[in-house]
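Report on the following structure.
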Amino acid sequence: MSSSEPIKGHHNPFKKRKRKKRLRLEDITVIDHATLKRAVAAAALGNAMEWFDFGVYSYIAVVLGQVFFPGSSGTVQLLATFGAFAVAFLIRPVGGLFFGPLGDKVGRQKILAFTMIMMAISTFCIGLIPSYSTIGVWAPILLLVARLVQGFSTGGEYGGAATFIAEYSPDRKRGFMGSWLEFGTTSGYLLGAAIVTILSSALTHEQLLDWGWRIPFYVAGPLGLIGLYLRMKLEETPAFQEQAEQAEQQQQPTPKNEFVNMVTGHWKPLLVCIGLVLVFNVTDYMLLSYMPSYLSANLHYNADHGLFLILIVMVVMLVMQPIVGRLTDKFGRKPVILTGCIASFVLSIPCLMLIQTGSTPMILLGLVIMGLILNTFTGSMPSTLPALFPTAIRYGALAVAFNVSVSLFGGTTPLVTAWLVDASGNLDMPAYYLMLAAIIGAITILSTPETASKPLKGSTPSATDKAEAKELLADYHDNLEEEVEHLDSEIKRLTERRENLIYEHPELYKQQQEEIRQENGNTPS
């Protein structure tokens, strides 16, 4: 700035700007309790179906290997069966990229209904596939096709379900309501595993090979119909309806490359989402997928007993799930997730030491501690992740980031951990892997703003009733007062600094004094 330029005086920064619309009581969305319960149930049931298939497939893998890949050794059969299972993880990001942005365009409810149909039909059809002895190589090919359809539909499931519940939930109960999504996950896994366990006990091995293995997959049909009915009965979320109305009024043109715009415009929250999903899913797959194999293959523990212990852990997790959800509403998402990361880092080695004792009570204790650590993530992520993104891209961004992270880090956890143990001969490798994930999770959550009890990005506040709406409006005004006080303090500090800088510059100070005399009506001497 040259000395000849005038010193700008104070001006009104809002004089020529369009003011933000003032929040009124009628702007706060009051969520109908019955509708909220139906929304949560419909969303959670789809997630339950996904993990129902996971539980069935994991527990009946040996039988499936004999049905679809006969003539091979037991190890080859098992590898081929899990290879077909892993294919679904490879296609999930493609499903997320397809269904996610579509859910932001046409609506969450429509896409979730469609993914439910795809999941139910593909899972049901696995039970209809003839055996290898009947149609030969077409049997494993059809199994692979069914798994691809399952993975593709699953790519649009979690992101949409989490978005659906988050957008329907009141601000102060979003953590509790979101926790029921993962309650559905655990319930689905338990149901699938329980059905297979019962069938294995009630039927002979020949009966199981002949027709018994099909029964769990047939169960997906009725489950899918119930879920589809619940989802078709729901209206679109209030947040999506509001976003659609605003877009129609403003007649905003659709970007030519939505995916590129989403990545370039929101790369920070996308990376945060990937980091949080990493620690969440590494812990999840380490406990529920790898630990049974670790117990039997590496520690030579009875395989059936190991699977039974995992079921007990999941029952404990079911009980804790909504409790953790409530804790996130009361204390915040960040403290709960950070606690889980710290606990994972500190307790992973002690947990593995307990598991390595070979004593059933000690093994169960170690697994339960791991399950409770996992609870801190399952109880908080369904409400944390959707809050990272604005309404216009929430479904798409969450679906893409979630599935990329799951495919790269979550689904590969059992394979990578097994390789590390085998290559190093170190039985503590699972603990080190968990500790590394915990460090990444802790760094990520520390860089994430707290979202508990706050409206979702791009949405107005939501409440359970009118009384709570009034409280939210009062809290909103209190926050505005605090922000104004903070700005006043900052303005005072900056003004003092400005005056000091002008005082130190002779020409600027002289010009300022001249302006002051002119404003006071005095002429220079």
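Filtered by the rule that a residue be aromatic (Phe, Trp, Tyr) and modelled with pLDDT of 95 or more, region 270-329 gives a lone residue, PHE280. Quick one: which of VAL404, VAL368, VAL400 is in the same structural domain as MET177 (by TED's automatic domain parsing), part of a helix (DSSP H, G or I), crowded, with 23+ Cβ neighbours inside 10 Å and aliphatic (A, V, I, L, M)? One residue alone meets the criteria, VAL400.
The residue that is farthest from ALA161 (Cα to Cα), among those in region 115-125 that are hydrophobic (A, V, I, L, M, F, W, C) and under 20 Å from the mean Cα position of the chain (by Cα), is MET119. Among the residues of region 24-42, just one is acidic (Asp, Glu) and in contact (Cβ under 8 Å) with a residue 40 or more places away in the chain, namely ASP27. Would it be correct to say that GLU26 is over 30 Å from ALA474 (Cα atoms) and of a type in the set (Asp, Glu)? Against the criterion (over 30 Å from ALA474 (Cα atoms) and of a type in the set (Asp, Glu)), GLU26 does not qualify. Contact map, region 342-361: residues that are in the same structural domain as ALA438 (by TED's automatic domain parsing) paired with residues that are hydroxyl-bearing (Ser, Thr, Tyr) and part of a helix (DSSP H, G or I), Cβ distance under 7 Å, separation 6+ or inter-chain. Pairs shown: SER344/THR283. Filtered by the rule that a residue be closer than 19 Å to ALA48 by Cα and loosely packed, with under 15 Cβ neighbours inside 10 Å, region 276-314 gives a lone residue, ILE312. Evaluate region 44-56: report whether one residue or more is at pLDDT 80 or above, assigned by TED's automatic domain parsing to the domain that holds ILE129 and either among the hydroxyl-bearing types (Ser, Thr, Tyr) or in contact with a Cys (Cβ under 6 Å, 6 or more places away or on another chain) (or both). No; the residues of region 44-56 include none that is at pLDDT 80 or above, assigned by TED's automatic domain parsing to the domain that holds ILE129 and either among the hydroxyl-bearing types (Ser, Thr, Tyr) or in contact with a Cys (Cβ under 6 Å, 6 or more places away or on another chain) (or both). Examine region 174-192 for a residue that is modelled with pLDDT of 90 or more and not in a helix (DSSP H, G or I), and state whether such a residue exists. No, the conditions are met nowhere in region 174-192.
Restricted to region 126-141, and to residues there that are assigned to a helix (DSSP H, G or I) and touching a residue at least 12 places away in the same chain (Cβ under 8 Å), the residue that is nearest to GLY212 (Cα to Cα) is ILE126. Is there a residue being small (Gly, Ala, Ser), at positive phi and either in contact (Cβ under 8 Å) with a residue 12 or more places away in the chain or not in a helix (DSSP H, G or I) (or both) anywhere in region 327-335? Yes, some residue in region 327-335 is small (Gly, Ala, Ser), at positive phi and either in contact (Cβ under 8 Å) with a residue 12 or more places away in the chain or not in a helix (DSSP H, G or I) (or both).
Yes/no per residue for (1) farther than 24 Å from ALA42 by Cβ; (2) of a type in the set (D, E, K, R); (3) under 15 Å from the mean Cα position of the chain (by Cα):
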residue: LEU148; (1), (2), (3): yes, no, no
residue: GLY156; (1), (2), (3): no, no, yes
residue: ARG172; (1), (2), (3): no, yes, no
residue: ALA194; (1), (2), (3): no, no, no
residue: SER200; (1), (2), (3): yes, no, no
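I'm trying to understand the selection: among the residues of region 412-443, which are of a type outside the set (A, V, I, L, M, F, W, C), surrounded by fewer than 21 Cβ atoms within 10 Å (Cβ to Cβ) and part of a helix (DSSP H, G or I)? Matches in region 412-443: ASP422, SER424, TYR432, TYR433.
With ASN302, ASN281, ASN298 as the choices, which residue is among the polar types (S, T, N, Q) and either within 19 Å of ALA399 (Cα to Cα) or not assigned by TED's automatic domain parsing to the domain that holds PHE54 (or both)? Checking each option against the conditions leaves just ASN281. Find the residue count for region 150-179, including only residues that are surrounded by fewer than 24 Cβ atoms within 10 Å (Cβ to Cβ) and closer than 19 Å to LEU372 by Cα. The qualifying residues number 1.
The values are calculated or read from the model by the stated rules, or taken from the named source; none is laboratory data. What you see is a predicted model, and the numbers here were worked out from it, not measured in a lab. A quick note on method: Cβ atoms are made from the backbone with ideal geometry, for glycine too, and the neighbour counts reach across all protein chains shown.
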